[in-house]
Amino acid sequence: MDTEFHVMPAISRIIQQPSASDLAVSVPTVTSEQSNGTVLEVFGRHRELISLPVLENEYPMGLISRNIFMSQMSKPYHRELYEKKSCIAFMDKDPLIVEAATPIEELAAQAVASGDKSLADGFVIVEQGRFAGVGSGLDLMRMMVELQSEKNRQVMQSIDYASVIQRAKLSTSREAMGATLADACVVWEPRDLVGGDFYHFEAFPEGWFAAVADCTGHGVPGAFLTLIASSALAQAMNRHGPRDPAQLMGEVNRGMKEALGQHAANNRLSESDDGMDATFFWFDAATRVLTCANARMPLFILAPDQEQVQTIDGERTGLGYVDTRHDMVWKNRTVELAPGAIVFATTDGIIDQIGGAKNIAFGKQRLRDALVRHRGAPMPAVAQALMQEQQQYQGRQRRRDDLTFFGFRAG
């Protein structure tokens with residue numbers, strides 16, 4: 001797989017956190033000695049003014065809402081009764097008052113907590129207690145939308161780049177597979193931009209090792225787990241070599257449990273219960289014997305002289321989970337592959353996909369039938385046919401999971 005490498009985008013740049021001062025607007029003010037008649041004049045001269053601050057020696061006393069004030073003064077005889085009285089008669093004595101340095105998200109939380117009036121009539125912004133301006137609820141909402149949009153953009157940039165990294169990591173295995181096997185296919189399709197599935201292929205002088213794995217979840221959490229699992233696999237192979245898949249599974253199981261702190265104990269509870277299902281297999285080039293270990297993931301084998309697909313299910317225990325014993329032992333199973341035999345390993349992305357007329361899972365049998373139907377085609381064409389059948393079966397249903405499979409034809 002061709003992979004483009006480029007400079008890391010500026011996704012780590014800290015988002016500049018705006019504050020209440022960015023919303024402060026200079027407006028006319030009045031003092032408590034001034035009358036409601038003066039307030040009428042101010043509102044009349046400033047049609048855009050939503051609220052009028054009332055100050056006492058530069059410190060805010062309250063806020064007069066245009067809507068409330070005009071509503072009261074328009075009542076019968078109210079203008080005659082209140083025009084010459086102090087403007088505090090219709091003043092909100094408990095408006096929201098915030099320091100100019102208040103972060104915008106904290107301000108938004110305070111505005112919601114203070115009720116509708118802060119969003120409708122605005123709020124007072126001060127610097128060390130002294131009046132600095134008035135902020136409007138509409139401007140606050142606009143700024144929150146802009147801030148969230150910027151955060152979303154940067155998160156998506158991060159995920160996009162994580163996808164580049166994940167694909168680049170898999171490309172080494174893809175290239176090794178292409179250089180080693182004459183007729184093989186591999187498909188890796190995360191449900192989201194990044195995924196919880198991964199595969200590994202590595203060639204050796206005596207043969208080759210491959211793994212297909214499905215970590216808990218998908219998206220970003222699943223991708224994190226693939227890093228832990230693939231690192232544990234690499235360490236296990238460096239320690240023990242590739243010839244014993246069952247031993248490698250035991251090592252990866254212990255490595256994942258230790259990395260995640262997932263140990264079943266009566267006196268402590270794990271904060272997570274994650275792991276992976278997998279198939280590990282070693283092919284000995286001299287003997288043509290395939291040795292596989294399976295953890296809740298089947299291996300399908302179609303011999304050239306058979307009409308039915310053989311399924312090797314293996315153990316019903318996944319790697320790394322809290323309930324998986326630290327000393328869990330998986331078993332190796334061996335199959336001598338005749339020339340032309342097809343071997344296929346897949347995560348449950350195809351098998352568990354809901355679709356069809358009855359909205360049920362695709363299932364293992366449909367997969368086996370498809371392998372038999374397309375057995376005469378080269379493996380890349382088999383992969384293409386399987387993907388087309390899966391997509392047709394899925395129809396308008398939502399993709400449920402990541403989808404990964406690896407297949408080869410024995411030479």
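For the reader, a short list of remarks on this structure follows.
Conditions tested, residue by residue: (1) in a loop (DSSP other than H, G, I, E, B); (2) closer than 29 Å to M141 by Cβ.
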residue	(1), (2)
Q72	no, yes
K75	yes, no
E80	no, no
A89	no, no
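- Complete set of residues in the stretch 182-199 that are aliphatic (A, V, I, L, M), over 24 Å from L319 (Cα atoms) and modelled with pLDDT of 95 or more: A182, A184
- Residues (open to solvent by 10 Å² or more (accessible area, probe 1.4 Å) and not small (G, A, S)) located in the stretch 388-405: Q388, E389, Q391, Q392, Y393, Q394, R396, Q397, R398, R399, R400, D401
- Screening A213, A223 for residues that are at pLDDT 95 or above, of a type outside the set (V, I, T) and surrounded by 23 or more Cβ atoms within 10 Å (Cβ to Cβ) leaves exactly one candidate, A213.
- V372 more than 26 Å from R174 (Cβ to Cβ) and assigned to a helix (DSSP H, G or I): yes
- Subset of the stretch 100-111 that is open to solvent by 20 Å² or more (accessible area, probe 1.4 Å) and in contact with a strand residue (DSSP E or B) (Cβ under 6 Å, 6 or more places away or on another chain) - its residue that is nearest to E146 (Cα to Cα): P103
Yes or no, residue by residue, for (1) open to solvent by less than 50 Å² (accessible area, probe 1.4 Å); (2) at pLDDT below 95; (3) acidic (D, E):
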| residue | (1), (2), (3) |
| --- | --- |
| P18 | yes, yes, no |
| S21 | no, no, no |
| A24 | yes, no, no |
| S35 | yes, no, no |
| V39 | yes, no, no |
| V42 | yes, no, no |
| E48 | no, yes, yes |
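- Annotation: M144 fulfils all but one of (1) under 20 Å from L23 (Cα atoms); (2) more than 35 Å from the chain's Cα centre (by Cα); the unmet one is (2).
- Here is the figure for the stretch 307-338: residues that are assigned to a loop (DSSP other than H, G, I, E, B) and open to solvent by less than 90 Å² (accessible area, probe 1.4 Å) total 15.
- Qualifying residue in the stretch 254-263 (condition: open to solvent by 40 Å² or more (accessible area, probe 1.4 Å), of a type in the set (K, R), modelled with pLDDT of 95 or more and outside any loop (DSSP other than H, G, I, E, B)): yes
- When T172 is tested against (1) more than 30 Å from S230 (Cα to Cα); (2) exposed (fewer than 15 other Cβ atoms within 10 Å of the Cβ); (3) without any contact (Cβ under 8 Å) to a residue 24 or more places away in the chain, exactly one condition is not met: (1).
The values are calculated or read from the model by the stated rules, or taken from the named source; none is laboratory data. Because the structure is predicted, anything quoted here is derived from the model rather than measured. FYI the Cβ positions are ideal-geometry reconstructions off the backbone, even for glycines, and counts take in every protein chain you see. Accessible surface is based on the protein model in full, side chains and every heavy atom, while ligands, DNA and RNA are left aside. Shrake-Rupley method; radii C 1.70, N 1.55, O 1.52, S 1.80 Å.
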